[in-house]
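For reference, the structure is listed below as structure tokens.
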Amino acid sequence: MHTNVDTLFDRLWDKYVAITPSAHKIHALLVGEENSDSIVNDHVAFRTFNLDKCRLDKLAAHFLALGYEAKGDYDFEAKKLTAKHFEHADLTKPKVFISELRVEELSEASQAIIHKLVEQMDESITTSETFLYSGPQWSLSKEDYDTLLNESEYAAWMAAWGFQANHFTVSVNHLSQTQSLVDVNKLLKEAGFVLNTSGGEIKGGEDVFLAQSSTMADKAGVEMNEETVQIPSCFYEFAQRYELPDGKLYQGFVAASADKIFESTNAK
């Protein structure tokens, strides 16, 4: 496992931008190319299956070892997901949101496919330094991808992309004082970016102490049956946090909003 949290996030970013080239364009749009390093990352998110080899706790262990603590628990009933978020004692470090698919709630056909994929994993990879950006640990056929996609966008994405951050998040609070999430969305749309409109362009708001928006995922190629299939890869999120009554910024997540953010990687 990594022993330096900043190095881990650097490696996660490298893997992310390799299949999400729009991230560089978004940085240039928001702060200019020369100020790209000034972007503050609010959080990163990961996906997995709730099978023993790769369940949520296997991913979380890498962050717990770096000083993170579990903070919030979430249930997404319709999407059959369980999730947790983690925070570092140093609040300048990004928060981490990890979800897992409750495989047993899917159809027998989808369950069989996912078990077949995970059985191909070498379990030792889960303690490797590279695990959180190692990608899929299995071979996936186009037929199996399509079967999963017809039932669960989440399952299909996870089967195709495996272990890596599925999004990074710009902290709108750390942009220019004149910029709000509304301003950011306006800039993005004027530049031709397509936003996730499920549940509205902005999910949440000051009343729940967190407002979020996101682009729809880029597309990138995945090898399936010796053919390269172009499918949604990763997206960029934008978060604006508001003060709680005690004057501190809200650090958690809003399940109703996160439910819609998941749809940023939808293929349909």
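Read-outs throughout are calculated quantities, based only on the coordinates presented, and are distinct from any laboratory measurement. Note that this is a predicted model, so its numbers are computed, not measured. Here the Cβ positions follow ideal geometry from the backbone for every residue, glycine too, while neighbour counts run over all protein chains shown.
Quick notes
- Region 111-145 and region 6-37: distance between their alpha carbon centers, rounded to Å: 26 Å
- Gain in span if fully extended, ALA18 to ALA61, counting 0.36 nm per residue against the direct Cα distance: 13.0 nm
- Length added when fully stretched, THR130-HIS115, from 0.36 nm per residue minus Cα-Cα: 3.1 nm
- Residues whose placed amide H lies under 5 Å from that of MET216, excluding near-sequence neighbours: VAL194, LEU195, ASN196
- Per-residue ³J(HN,Hα) for region 69-77, Karplus 6.51 cos²θ - 1.76 cosθ + 1.60, θ = phi - 60°, Hz, x for Gly and Pro: 10, 5, 10, x, 10, 9, 10, 10, 4
- Fluctuation leader among ASN196, ASN35, ASN185 - the chain, Gaussian network, Cα springs under 10 angstrom: ASN35
- Distance from region 49-67 to region 189-232 (C-alpha centre basis), Å: 25 Å
- Linear extension gain, THR7 paired with GLU151, 0.36 nm per residue minus alpha-carbon span: 48.2 nm
- Residues of region 93-131 with an amide N closer than 16 Å to a point placed 7 Å from the Cα of SER141 along the Cα-to-Cβ direction: 109-120.
- In order along region 180-190, the Karplus-derived 3J(HN,Hα) couplings, from 6.51 cos²θ - 1.76 cosθ + 1.60 at θ = phi - 60°, round to 10, 4, 4, 4, 4, 4, 4, 4, 4, 5, 5 Hz, and Gly and Pro are given as x.
- Phi angles of region 163-173 translate, via the Karplus equation with coefficients 6.51, -1.76, 1.60 and θ = phi - 60°, into HN-Hα couplings of 8, 5, 5, 8, 7, 9, 9, 6, 7, 5, 4 Hz per residue; Gly and Pro are given as x.
- The GNM of the chain, with springs linking C-alpha atoms under 10 angstrom apart, assigns the highest mean-square fluctuation among PRO94, PRO245, PRO232 to PRO245.
- Principal-axis tilt of helix 5-18 within the chain, Cα atoms, nearest 10 degrees: 70 degrees
- When SER141, SER233 are sorted by how many other C-beta atoms sit within 10 angstrom of their C-beta, beginning with the fewest, the order is SER141, SER233.
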